[in-house]
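This report concerns only the one structure given below.
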């Protein structure tokens, strides 16, 4: 995780100690919330390396635009929105590239049948998640992984709460349909 801090500008230690500056507030925020933002990006993107890049790029963008933020109380939501937008952009670019599924090759390497079933269930859920559009994937990740409320998600993605509810509803229906299609009766 320390690698994520590479490229985030370091502050003059005197500024960080006084806490009187916007830069010091940003530095404290980045230190305390970096891991959380990385985990959210990991869930949304499903790739730790790409999540690391997205988190770095979002924080660098926030750092460059720190003077644009009017209310420091909204810093977490503002950086969260930048991160979500960065993940969305990466997901859109990724859809243009083909993906190779190697799950059948890897499943033979798992030792115990329980591990195999758990891995198969995670794989099916992952495939169901992959059929969602980027906005739905972001809403599901923020709701069920980051445990944000609908209003908090709406704030992060810049959409009305009703739109977020609709995205979640349609996402759950689409995932359920995909799971039933893959395994009649759904997951057991």
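The values are calculated or read from the model by the stated rules, or taken from the named source; none is laboratory data. It should be emphasised that the depicted structure is a prediction, and the values quoted were computed from it without experimental measurement. With ideal geometry, Cβ positions are generated from the backbone for all residues, glycine too; neighbour counts draw on all protein chains shown.
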request  = Could you grab me the full set of residues in the range 30-57 that are in a helix (DSSP H, G or I) and more than 14 Å from residue 83 (Cα to Cα)?
outcome  = 31, 32, 48, 49
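Has the range 65-81 got at least one residue that is farther than 16 Å from residue 140 by Cβ, under 11 Å from the mean Cα position of the chain (by Cα) and crowded, with 17+ Cβ neighbours inside 10 Å?
Within the range 65-81, the first condition is being farther than 16 Å from residue 140 by Cβ, and the residues that meet it are 65-79, 81.
Still in the running and under 11 Å from the mean Cα position of the chain (by Cα): 81.
Still in the running and crowded, with 17+ Cβ neighbours inside 10 Å: 81.
So far as the range 65-81 goes, yes, one or more of its residues are farther than 16 Å from residue 140 by Cβ, under 11 Å from the mean Cα position of the chain (by Cα) and crowded, with 17+ Cβ neighbours inside 10 Å.
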query = Of the residues in the range 144-182, how many are over 22 Å from residue 130 (Cβ atoms), without any contact (Cβ under 8 Å) to a residue 12 or more places away in the chain and crowded, with 18+ Cβ neighbours inside 10 Å?
reply = 1
task = Name every residue in the range 125-148 that is closer than 18 Å to residue 77 by Cα and touching a helix residue (DSSP H, G or I) at 6+ places or on another chain (Cβ under 8 Å), in order of residue number.
result = 135, 138, 139, 140, 141, 142, 143, 145, 146, 148
ask   = Considering 77, 24, 60, which residue is at pLDDT 80 or above, under 24 Å from residue 152 (Cα atoms), assigned to a helix (DSSP H, G or I) and in contact with a helix residue (DSSP H, G or I) (Cβ under 6 Å, 6 or more places away or on another chain)?
value = 77
ask   = Does residue 68 meet the test of being free of Cβ contacts under 8 Å to residues at least 60 places away in the same chain and closer than 27 Å to residue 160 by Cβ?
value = yes
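Would you mind finding the one in 180, 164, 140 that is outside the structural domain of residue 80 (by TED's automatic domain parsing), at pLDDT below 90 and in a helix (DSSP H, G or I)?
Only one candidate qualifies: 180.
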